[in-house]
Amino acid sequence: MDGANDSAMKGACQCNGCGSDGNGTFLNPTPMLDQLESGPWPSFISGFKELAERTKKPMLRGVLDQLEYSYNTKMGYWKGGLVTVDGYGAGIITRYSMIKDKFPEAAEFHTMRIQPAPGLHYNTSMLRELCDIWEKHGSGIIALHGQTGDIMLQGIEQDKVQECFDELNQAGWDLGGAGAGMRTGVSCIGPGRCENACYDNLKLHLKALQHYVGQVHRPEWNYKLKFKFSGCPNDCTNAIMRSDLAVIGTWRDAIQVDRDEVRAWIEERGVDALVNNVINHCPTKAISLKDGDMVIETRDCVRCMHCLNAMPKALSPGKERGISLLMGGKNTLKVGVNMGSLIVPFMKMEDDDDIETFLEMIDEIIDWWDDAGLDHERIGETIERVGLKQFLEGAGIEYDINQVTRPRDNPYFKAKY
Amino acid sequence: MAIEINGRSYDTDENGYLVNLEDWNEDVALKLAEGEDITMDEAHWDLVKFLRNYYAEYQIAPAVKILTKAVATERNMDKKEASEFLYGLFPKGPALQACKIAGLPKPTGCV
């Protein structure tokens, strides 16, 4: 291991001595990283280099040097820590270099998580201002958007964090969530630009995050809790997989069918296409062909969205719209990956009263989890551990047949309680 | 690193946390608080003592959740008020600042 370090260091050291390499460019040679640029896809290395050459920020050069070194030694050299701004307990992800003696320029490279606008609807003047502030105080690198849904401003030193935050905050931005609290919310483009949206998810996103703003900035629950708001069951935010509280638009009456458009669709593509691409793909066999026309049995429909996506002009969601709440989605942790399971099958989401009712229910759910959950336990894991019945009773949610994924298939099995 | 009080030197780590738990006394706490721009009053002392007692019993600093609940019970607040109260006392976060002043090791993790 030491031998590997030494040989890897030779390349970097020569240049660290003189500050820049012999070609007169700002950056040191990084042969390993350069390999990444040779593929057919855009490379983050190209972006890094371009930014570094333009801004001449030593921090960027340091990070590239350390990464090159990392690739040689096959080790990561970032460690965490604690950096916050006044009144906040979360929102800055700290990255200190473990080998700052070798790469002093890369000593600190903290990330600021910035909350996105609901549906990612920005105006350019705000984005320009964000970029300017960031390039003034930080490295200039922005990940739009990170896995958490935040705008990730990557690369700032601890001393500059407060100043940078103050300016961002004045410009209308706020830090996102981190730690064991409410995390940054994510929503799809919603009714702003999509005809399938069954509720105003942008408004609900905003109201919910405002309601929990204290818990976003001052984490104090068992573990993280994430909201995602999808306008329809297409679930463009991946809420079922990636959020503890998946709020997904739905409807409870029949799919709206425009008969003329159905006829036009069949005329253009033929009955074969209707059978092969729509009817046969219905997972619950809710669609049948009758006298050359399609008939949807609403009772059998599970709102999978396939037919609506295949025939966007002819079919649209029903008139009686609202949300479904699914809970427990998460990636591997104590137990494996979970998808959310249905807790509230249908809830109206039309006016401020509906939003208030919804948030009161979520408050109850969180209170229950805060008391019943263990440290570092996601809400889905808590429910799995204590049982759905206990959860429903604890949080005051009504039983519903839809909460059962499938009936017990072995009637002789008797669980021990 | 180290801090000097009344001619005696106390070892601290690179972030200014006391190295030896038993070095702590009220003068040290005042000095550490000064470094954090915090003027210690009764509420600050209560919390610092709570942290030290908790640490003595469990050998670990309490999670913020436990701290908030304890404050809420003691001061008859709801959890939200307790959280705001805590951050009012220690603006950079109770985990970060109160632990330092109480002479506990630097908390790990992202609180």
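Values in this text are rule-based calculations from the coordinates and carry no lab data. Just so it is clear, the model here is predicted, and its values are computed rather than measured. Every residue, glycine among them, receives a Cβ derived from its backbone with ideal geometry; neighbour counts consider all protein chains shown.
Here are the numbers for this structure:
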item: Residue with peak Gaussian network fluctuation, chain A [Cα springs, cutoff 10 Å], from A:Met152, A:Met305, A:Met294; result: A:Met294
item: Protection proxy ranking of B:21-28, B:83-90 - average other beta-carbon atoms within 10 Å, highest first; result: B:83-90, B:21-28
item: Peptide A:207-220, shielding by other chains (average Cβ, 10 Å cutoff); result: 3
item: Rounded tilt (10° steps) of B:26-35 against the dominant C-alpha axis of chain B; result: 80
item: Under the Karplus curve 6.51 cos²θ - 1.76 cosθ + 1.60, θ = phi - 60°, whole-Hz ³J(HN,Hα) for the stretch B:84-94, x wherever Gly or Pro sits; result: 5, 4, 4, 6, x, 6, 10, x, 8, x, x
item: Angle in degrees between helix A:158-170 and the longest Cα principal axis of chain A, rounded to the nearest 10; result: 50
item: Shielding by partners, peptide A:86-97 (average Cβ within 10 angstrom, other chains); result: 3
item: 3J(HN,Hα) from dihedral phi, the stretch A:260-269, Karplus parametrisation 6.51/-1.76/1.60, rounded to Hz, x for glycine, proline; result: 4, 5, 4, 4, 4, 5, 5, 4, 6, 10
item: Among the listed pairs A:Lys224/B:Lys79; A:Lys79/A:Lys330; A:Lys330/B:Lys92; A:Lys56/A:Lys100; A:Lys100/B:Lys31, those beyond 21 Å (Cα-Cα); result: A:Lys79/A:Lys330; A:Lys330/B:Lys92; A:Lys100/B:Lys31
item: Candidates A:Trp41, A:Trp265, A:Trp368, ranked by Gaussian network fluctuation over chain A, Cα under 10 Å, top entry; result: A:Trp41
item: Residue with peak Gaussian network fluctuation, chain A [Cα springs, cutoff 10 Å], from A:Gly340, A:Gly87, A:Gly39; result: A:Gly39
item: Separation in nanometres of the label points that stand 7 Å from Cα toward Cβ, at A:His376 and A:Asp353; result: 4.6
item: Helical contribution to [θ] at 222 nm, DSSP H n ≥ 4, -39,500 (n - 2.57), averaged over the protein assembly as shown, rounded to 500; result: -11500 deg cm²/dmol
item: Under the Karplus curve 6.51 cos²θ - 1.76 cosθ + 1.60, θ = phi - 60°, whole-Hz ³J(HN,Hα) for the stretch A:350-365, x wherever Gly or Pro sits; result: 10, 10, 5, 5, 4, 5, 5, 4, 4, 5, 5, 5, 5, 4, 4, 4
item: Loop trypsin sites (Lys or Arg not before Pro), the stretch A:239-295 (other Cβ atoms within 10 Å of the site Cβ: 13 or fewer; DSSP); result: A:Lys285
item: A:Gln256 long-range amide H proximity, modeled H, under 5 Å; result: A:Ser316, A:Gly318
item: Contact order relative to length of chain A, as percent, for alpha carbon pairs under 8 angstrom and 6 or more apart; result: 11
item: Peptide-level mean, for B:83-93, of C-beta atoms on other protein chains within 10 Å; result: 5
